[in-house]
2 protein chains.
Amino acid sequence: MSKSKLTITPVQACSAAPLARQPLSPGDAAQLASAFKALADPVRLRLLSSIASRTGQEACVCDVSDGFDISQPTISHHLKVLREAGLLISERRASWVYYRVVPEALQRLSDVLLIESGAGVSA
Amino acid sequence: MSKSKLTITPVQACSAAPLARQPLSPGDAAQLASAFKALADPVRLRLLSSIASRTGQEACVCDVSDGFDISQPTISHHLKVLREAGLLISERRASWVYYRVVPEALQRLSDVLLIESGAGVSA
């Protein structure tokens, strides 16, 4: 069975407005903080970027291991954190697990941080 | 002396391209991870949003304490973390410290997460 079907995508489900538009609710803040926590690690950011910048925004663990001076189990752990945050989905094909970026999740985080023109004009 | 003059703004100084355009360098990844770490806390996100959504994107500690069931020293600690990450600047006026959002820093992080059309089409 494809692991991607079991993935929870909390960031996409978050309906928070840009944080400069109105104060975040505690629930939205918890959901977003959890996604930012997944991004709060240099190795995870590089892994995510390595996958996101490839054809189809997809890669096998074997593809992304190059250039990282850490063990494959550690890489797999970091990829799992990104998957659990809803930033990647994974799918097993034969003996390899492939990871694909969830563009809507990154877009959601990007939108939340966006400073819109006219933001912060009301108290 | 204004504390804002002493603030380091690492995020703004980061010249990383959107992570879906090209793999992040280790240096850029470290800088960005540090900023995302500051956002990886629900209270800090709510404080940042509370300030960002106000007139002038500025607030005194006394203004933002309402609605948080935590002590003022804890709030001040969280604001300091956001300041050290370059997301806020602070300035003392009389006996109060005022915090103002650094819109360029949030914009920087938003841009890095942006999924551009045509991203990920080359290996």
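The values are calculated or read from the model by the stated rules, or taken from the named source; none is laboratory data. The structure presented is a predicted model; accordingly, all values stated were derived computationally and were not measured. Cβ sites come from the backbone with ideal geometry, for glycine too, and all protein chains shown count toward neighbours. SASA here: full protein model, heavy atoms, side chains in, ligands and nucleic acids out. Shrake-Rupley method; radii C 1.70, N 1.55, O 1.52, S 1.80 Å.
So here's what we get for this one:
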quantity: Checking B:Ala29 against (1) in a loop (DSSP other than H, G, I, E, B); (2) surrounded by 13 or more Cβ atoms within 10 Å (Cβ to Cβ); (3) not polar (S, T, N, Q), the condition it does not meet; calculated: (1)
quantity: Any chance A:Gln107 is touching a Gly at 6+ places or on another chain (Cβ under 7 Å), surrounded by fewer than 23 Cβ atoms within 10 Å (Cβ to Cβ) and within 9 Å of another protein chain (Cβ to nearest Cβ); calculated: no
quantity: Candidate set: segment B:1-37, residues that are modelled with pLDDT under 75 and among the hydroxyl-bearing types (Ser, Thr, Tyr); chosen: the one nearest to the chain's Cα centre (by Cα); calculated: B:Thr9
quantity: Residue list for segment B:32-52, restricted to those being open to solvent by 30 Å² or more (accessible area, probe 1.4 Å) and free of Cβ contacts under 8 Å to residues at least 12 places away in the same chain; calculated: B:Pro42
quantity: Test: residue in segment B:57-68 that is over 24 Å from A:Arg21 (Cα atoms) and at pLDDT below 90; calculated: no
quantity: Top-ranked residue of segment B:53-87 - restricted to ones that are hydrophobic (A, V, I, L, M, F, W, C) and in contact (Cβ under 8 Å) with a residue 60 or more places away in the chain, ranked as farthest from A:Leu113 (Cα to Cα); calculated: B:Ala85
quantity: Some residue of segment B:105-114 being assigned to a strand (DSSP E or B), touching a strand residue (DSSP E or B) at 6+ places or on another chain (Cβ under 9 Å) and among the hydrophobic types (A, V, I, L, M, F, W, C); calculated: no
